[in-house]
Amino acid sequence: MPTLLEVSGLIAGYGETRVLHGIDFAVEAGGVTALLGANGAGKTTTLRAISGLARRQGSILFAGEEISTLATEEIARRGIGHVPDGRGTFLELSVEENLRLGAITRSDREVGADIARMFGYFPRLRERIRQQAGTLSGGEQQMLAIARALLLRPKLLVLDEPSFGLAPLIVAELFDILARINREERMSILVVEQNASLALALADHAYLLETGAIIMSGLARELRENAAIRRSYLGY
Amino acid sequence: MQALWHQIFSGIATGGIYASVALALVMIYQATHHVNFAQGEMATFSTYIALALIEAGFPYWLAFLATIIVSFAIGVIIERVLMRPMAEAPVLASVGVFIGLLLIFNSVTGWIFSYSVKAFPSPFPETSQFLGGWASPHEVGATLVTLVVLVLVYGFFRFTKLGLAMRAAAYNPVSSRLVGIRVGWMLALGWGLAAAIGAIAGMMVAPIVFLDPSMMSGILLYAFAGALLGGIDNPLGAVIGGFAVGVIENLAGAYVVGPELKLTLALVIIIAVLIFKPAGIFGRVIVSRV
């Protein structure tokens, strides 16, 4: 499969603090890549660097184009749908307005049909369409955030800890839906997770981050069998 | 009794002006969490532009339209050139810039157009047999213009894609950028709209209070009181607050404190709101966990 996103020598941080010390990884078109690691390993910073929300150096090639010098909004317009940590809900606006904002840069006439398709994945959003988004539960807000990012019609969906703060049952449902989206929409996904077993079940490639450097990488099913990973991250 | 009604009607008319300026203040406040102290002087400058165009022979409504467009452009340019570099600056630096803007607009207005008081024409007739002594045609006309502006602004924010993008950018700039909204330009548009609304308020109030470079300074104070009363983070609340302050000011000026002490009322309202209901009547109380 061709490479959709290729990150090389990525150094990133905030102000004077350097969080990433030159990392390399790739996402294949149509594939799911997982970035694993403990708290503070630099997972979120990696995603923020890709979207231009953290200061960064190095090369980020997306669909053959260098995006490491672009502003966040231009990167989004190139086709990266980023679901940030904390979900980034527009709390004051309605669910419908949140969805419409996902498609705000589009001028085609299929936005309504796309929103209806999102209701296929997330039926609960349809029931809450007129509700203020701030009143949704955490799981519903996560679904809203994913739907919002997909309405951009991105080439790559970037997810920052989609399981964070959600009940296990909701998380299982969410990861099932993500697998469907990857399969049915042929959507490439880059997902950051602390929950390694979930992420390795969804992903085909995975990278393990530790204090700003990649210490292990490979096929997800191989990493699942790896003894060190099992001990440190999977707990069995 | 007729005198009372007359006071209420002209209170609504001036209240409409305060409501417009209050709306302009709220639009910038929502996006930046700063009050633009220069909003009034910018509106005065725009009103002088209108007067210059009318004196140059433009028909009133053409001058009106041209002034709105020029004011919009001035607002956009101020945001792009002066405010943008201040985006990351501490609050006091921004306040300094606002006060500087106020002084610059005031002095430039006086320098270009002189400090002498001038009459500004009204597009509405002098008298009308339909209204009797209840209200002057200009008061009724100005109120109607204000209402049309408010309805248009509401419709723009509520029903257009650009309006939605501007609201989103004000509420959550980071998420807005992640869906591809050019937040910087949304801010500039907000400044342009605020300047245009202020210009309309200036042109509507100038025939009542006469035109001089400090024409709007008192009005800005009333508008600020109105915005606080209604809730400075709530555009509709600010508009209602503006109308309410207009009526309160007129009634109190006529029956309670007299015309000399009217402006003090604005300060009393500001202090009372800040003490008893800091979020305003329609404002959201923001609670943050620490």
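Only one of B:Ile219, B:Ile208, B:Ile200 is under 22 Å from B:Ile77 (Cα atoms) and away from chain A (no Cβ under 14 Å). Can you tell me which?
B:Ile200
Does B:Phe45 meet the test of being more than 21 Å from B:Lys118 (Cβ to Cβ) and among the hydrophobic types (A, V, I, L, M, F, W, C)?
Details: more than 21 Å from B:Lys118 (Cβ to Cβ): no; among the hydrophobic types (A, V, I, L, M, F, W, C): yes.
Spelling it out, it is not the case that B:Phe45 is more than 21 Å from B:Lys118 (Cβ to Cβ) and among the hydrophobic types (A, V, I, L, M, F, W, C).
Of the residues B:Val151, B:Val70, B:Val95, B:Val76, which single one is modelled with pLDDT of 95 or more, surrounded by fewer than 19 Cβ atoms within 10 Å (Cβ to Cβ) and within 19 Å of the chain's Cα centre (by Cα)?
Being modelled with pLDDT of 95 or more, surrounded by fewer than 19 Cβ atoms within 10 Å (Cβ to Cβ) and within 19 Å of the chain's Cα centre (by Cα) holds for just one of B:Val151, B:Val70, B:Val95, B:Val76, which is B:Val70.
Looking at this structure, is A:Phe164 over 27 Å from A:Gln57 (Cα atoms), touching a residue at least 40 places away in the same chain (Cβ under 8 Å) and among the aromatic types (Phe, Trp, Tyr)?
Spelling it out, A:Phe164 is indeed over 27 Å from A:Gln57 (Cα atoms), touching a residue at least 40 places away in the same chain (Cβ under 8 Å) and among the aromatic types (Phe, Trp, Tyr).
Can you name the condition, by its number, that B:Tyr48 falls short on among (1) touching a strand residue (DSSP E or B) at 6+ places or on another chain (Cβ under 9 Å); (2) closer than 17 Å to B:Leu236 by Cβ; (3) not basic (Lys, Arg)?
Going through the list (1) touching a strand residue (DSSP E or B) at 6+ places or on another chain (Cβ under 9 Å); (2) closer than 17 Å to B:Leu236 by Cβ; (3) not basic (Lys, Arg), B:Tyr48 breaks only (2).
Every residue in the stretch A:172-189 that is of a type in the set (A, V, I, L, M, F, W, C) and in contact with a Phe, Trp or Tyr (Cβ under 9 Å, 6 or more places away or on another chain), please.
Restricting attention to the stretch A:172-189, the residues satisfying the condition of being of a type in the set (A, V, I, L, M, F, W, C) are A:172, A:174-175, A:177-179, A:181, A:187, A:189.
A:Ile177, A:Ile181 - these are the residues of the stretch A:172-189 that are of a type in the set (A, V, I, L, M, F, W, C) and in contact with a Phe, Trp or Tyr (Cβ under 9 Å, 6 or more places away or on another chain).
Could you list, in sequence order, the residues of the stretch B:135-182 that are among the charged types (D, E, K, R) and either more than 16 Å from A:Ala133 (Cβ to Cβ) or touching an Asp or Glu at 6+ places or on another chain (Cβ under 6 Å) (or both)?
B:Glu139, B:Arg158, B:Lys161, B:Arg177, B:Arg182
Select from the stretch B:12-26 the residues that are at pLDDT 90 or above and more than 25 Å from B:Phe98 (Cβ to Cβ) and list them in ascending order.
Scanning the stretch B:12-26 gives a single hit, B:Ile12.
Anything in the stretch B:1-49 that is more than 27 Å from B:Val95 (Cβ to Cβ), of a type in the set (Gly, Ala, Ser) and in contact with a Gly (Cβ under 8 Å, 6 or more places away or on another chain)? List them, or say none.
B:Gly11, B:Ala13, B:Gly15, B:Gly16, listed by residue number.
Of a type in the set (A, V, I, L, M, F, W, C), in a helix (DSSP H, G or I) and more than 23 Å from B:Leu101 (Cα to Cα): is that true of B:Val247 in this structure?
Yes.
Per-residue answers, yes or no, for (1) closer than 14 Å to B:Tyr48 by Cα; (2) among the charged types (D, E, K, R); (3) assigned to a loop (DSSP other than H, G, I, E, B); (4) away from every other protein chain (no Cβ under 14 Å):
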| site | (1), (2), (3), (4) |
| --- | --- |
| B:Ile77 | no, no, no, yes |
| B:Met83 | no, no, no, yes |
| B:Glu88 | no, yes, yes, no |
| B:Asn106 | yes, no, no, yes |
| B:Gly110 | yes, no, no, yes |
| B:Ser128 | no, no, yes, yes |
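Among the numbered criteria (1) of a type outside the set (Ser, Thr, Tyr); (2) more than 19 Å from B:Lys161 (Cβ to Cβ); (3) surrounded by 15 or more Cβ atoms within 10 Å (Cβ to Cβ), which one does A:Pro123 miss?
A:Pro123 satisfies every listed condition except (3).
Which condition breaks for A:Ala179 when tested against (1) outside any helix (DSSP H, G or I); (2) at pLDDT 95 or above?
Of the numbered conditions (1) outside any helix (DSSP H, G or I); (2) at pLDDT 95 or above, the odd one out for A:Ala179 is (1).
Checking B:Ile181 against (1) surrounded by 23 or more Cβ atoms within 10 Å (Cβ to Cβ); (2) within 18 Å of B:Val26 (Cβ to Cβ), only one condition comes out false. Which one?
(2)
Six or more apart or on different chains, Cβ atoms under 6 Å: show the pairs whose first residue is in the stretch B:158-175 and in contact (Cβ under 8 Å) with a residue 24 or more places away in the chain and more than 7 Å from chain A (Cβ to nearest Cβ) and whose second is among the aliphatic types (A, V, I, L, M) and in a loop (DSSP other than H, G, I, E, B).
Once the first residue is in contact (Cβ under 8 Å) with a residue 24 or more places away in the chain and more than 7 Å from chain A (Cβ to nearest Cβ) and sits in the stretch B:158-175, its partners that are among the aliphatic types (A, V, I, L, M) and in a loop (DSSP other than H, G, I, E, B) give B:Ala169/B:Ile181.
Restrict the check to the stretch A:138-152 and report whether at least one residue is surrounded by fewer than 22 Cβ atoms within 10 Å (Cβ to Cβ), in contact (Cβ under 8 Å) with a residue 24 or more places away in the chain, touching a helix residue (DSSP H, G or I) at 6+ places or on another chain (Cβ under 9 Å) and outside any helix (DSSP H, G or I).
No - not one qualifying residue is present in the stretch A:138-152.
Output yes when any residue across the stretch B:13-21 is part of a helix (DSSP H, G or I) and free of Cβ contacts under 8 Å to residues at least 60 places away in the same chain, and no when none is.
no
Going through the stretch A:41-55 one residue at a time, which ones are part of a loop (DSSP other than H, G, I, E, B) and either within 14 Å of chain B (Cβ to nearest Cβ) or basic (Lys, Arg) (or both)?
Selection gives A:Ser51, A:Gly52, A:Leu53, A:Ala54.
Checking A:Ile129 against (1) at positive phi; (2) free of Cβ contacts under 8 Å to residues at least 40 places away in the same chain: exactly one of these is not met. Which one?
(1)
What number of residues within the stretch A:148-171 satisfy the criterion of being hydroxyl-bearing (Ser, Thr, Tyr) and within 13 Å of chain B (Cβ to nearest Cβ)? Quick ask: steps written out before the conclusion?
Within the stretch A:148-171, the subset hydroxyl-bearing (Ser, Thr, Tyr) is A:163.
Next, from what is left, pick out any that are within 13 Å of chain B (Cβ to nearest Cβ): none.
Count: 0.
Identify, by number, the condition in (1) at pLDDT below 95; (2) farther than 21 Å from A:Glu210 by Cα that A:Ala76 doesn't meet.
Of everything listed in (1) at pLDDT below 95; (2) farther than 21 Å from A:Glu210 by Cα, A:Ala76 misses just condition (1).
Tell me yes or no: at least one residue of the stretch B:246-261 is buried (at least 24 other Cβ atoms within 10 Å of the Cβ) and either of a type in the set (Ser, Thr, Tyr) or within 24 Å of B:Thr67 (Cα to Cα) (or both).
Checked against the condition, which is being buried (at least 24 other Cβ atoms within 10 Å of the Cβ) and either of a type in the set (Ser, Thr, Tyr) or within 24 Å of B:Thr67 (Cα to Cα) (or both), the stretch B:246-261 yields no hits at all.
Give the residues of the stretch A:63-122 that are within 13 Å of chain B (Cβ to nearest Cβ), among the polar types (S, T, N, Q) and either in a loop (DSSP other than H, G, I, E, B) or within 13 Å of A:Ile50 (Cβ to Cβ) (or both), sorted by residue number.
Those that are within 13 Å of chain B (Cβ to nearest Cβ), among the polar types (S, T, N, Q) and either in a loop (DSSP other than H, G, I, E, B) or within 13 Å of A:Ile50 (Cβ to Cβ) (or both): A:Thr72, A:Thr89, A:Thr105, A:Ser107.
Could you tell me whether B:Phe37 is closer than 23 Å to B:Ile104 by Cβ, crowded, with 22+ Cβ neighbours inside 10 Å and in contact with a helix residue (DSSP H, G or I) (Cβ under 9 Å, 6 or more places away or on another chain)?
No, not satisfied.
With the checklist (1) assigned to a helix (DSSP H, G or I); (2) within 15 Å of B:Ala24 (Cβ to Cβ) in hand, flag the one item B:Asp233 doesn't pass.
Answer for B:Asp233: the failing condition is (1).
The values are calculated or read from the model by the stated rules, or taken from the named source; none is laboratory data. Everything quoted here is computed from the prediction, not taken from an experiment. Neighbour counts are summed over all protein chains in view; Cβ atoms, including those assigned to glycine, are modelled from backbone coordinates with ideal geometry.
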